[in-house]
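S.K.: Starting off with a structure, shown below.
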Amino acid sequence: MCTTRDLTGKMFTFPAESNTAHVVLVPPTQIRTLTAVTVCLRFFSDLTSRAQPLFSLTTRANIDNVFLIMKETNNNYNIWVNDMYVTFKAMEDIQNQWNSVCATWDSKTGLAQLWVNGKPSARKGVNRGRTISEEASIVLGQDQDSFGGGFNKGDSFEGMLTDVHMWDSVLSYSELALYMNRIPLTHNGNVINWESLDFTYEGYVIVEDQVSSMI
């Protein structure tokens, strides 16, 4: 059963490489059709030897990589939308420090953009005119290769995640800047809201206080 909690000041810790440890995030209402997306989160990790997923959304109709934020090596990131992806290079995240990441995509224009630690990427086009529809599975800690599963430990996340929000719109630059600077927004995520989060978790995942010296 889902637990609904205000996770302000908390984090999910994924202490080890695993093909089981994951968190399932449950929207307050079932996703029907998304024509735009913003996902924001913060992560802390020392892993540099391989790629790791920061956020994974799949649907029953289109299983793989419906909306996926994948941190690659060498400070590169991929944003996947309906099995196609664009790469954002040299985004300057920092090992062993909290990094703030926001990813946006708009179906009408096809434009995707990534923000890392206050700095925006170039805009790039991916899957213009497509939408995200049908029942969704949203997972932290793993890259879904099937609906809610298909996990591979070589694609798992190692570290800590916090302040996860998702909106069904593209946030303005001013709103993204507020998130980057840890200033409260006028409205939290309306699909996923860290301050009122429905979630379950399995495997080696710990919900714990953020350590102030890390922030």
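The values are calculated or read from the model by the stated rules, or taken from the named source; none is laboratory data. The structure presented is a predicted model; accordingly, all values stated were derived computationally and were not measured. So basically every Cβ, Gly included, is an ideal-geometry build from the backbone, and we count neighbours across all protein chains shown.
S.K.: Of the residues in segment 1-31, how many are of a type in the set (Val, Ile, Thr), in contact (Cβ under 8 Å) with a residue 60 or more places away in the chain and in a loop (DSSP other than H, G, I, E, B)?
M.R.: So the answer is 3.
S.K.: Would you please list the contacts, defined by Cβ atoms under 7 Å and residues six or more apart or on different chains, that run from a residue in segment 187-212 that is on the phi > 0 side of the Ramachandran plot to a residue that is assigned to a loop (DSSP other than H, G, I, E, B)?
M.R.: Matching pairs, first to second residue: GLY203/SER18; GLY203/THR20; GLY203/ALA21.
S.K.: Are any of the residues in segment 133-146 surrounded by fewer than 21 Cβ atoms within 10 Å (Cβ to Cβ) and on the phi > 0 side of the Ramachandran plot?
M.R.: yes
S.K.: Cβ-Cβ distance below 6 Å, separation of 6 or more or different chains: which pairs start in segment 112-128 with a residue that is within 18 Å of MET70 (Cβ to Cβ) and end on one that is modelled with pLDDT of 95 or more and among the hydroxyl-bearing types (Ser, Thr, Tyr)?
M.R.: GLN113/THR104; GLN113/SER121; LEU114/TYR77; LEU114/SER121; ASN117/SER100
S.K.: A follow-up question, please. Pick from ARG60, ARG5, ARG50: which is surrounded by fewer than 23 Cβ atoms within 10 Å (Cβ to Cβ) and within 18 Å of SER133 (Cα to Cα)?
M.R.: That would be ARG60, the only listed residue that is surrounded by fewer than 23 Cβ atoms within 10 Å (Cβ to Cβ) and within 18 Å of SER133 (Cα to Cα).
S.K.: Another question, then. Among the residues of segment 110-129, is any modelled with pLDDT of 95 or more, outside any loop (DSSP other than H, G, I, E, B) and closer than 19 Å to ASP155 by Cβ?
M.R.: No, because not a single residue in segment 110-129 is modelled with pLDDT of 95 or more, outside any loop (DSSP other than H, G, I, E, B) and closer than 19 Å to ASP155 by Cβ.
S.K.: From GLU135, GLU72, which residue is touching a residue at least 60 places away in the same chain (Cβ under 8 Å), out of contact with any Asp or Glu (no Cβ under 8 Å at 6 or more places or on another chain) and charged (D, E, K, R)?
M.R.: Step by step, each of GLU135, GLU72 is checked, and only GLU135 is touching a residue at least 60 places away in the same chain (Cβ under 8 Å), out of contact with any Asp or Glu (no Cβ under 8 Å at 6 or more places or on another chain) and charged (D, E, K, R).
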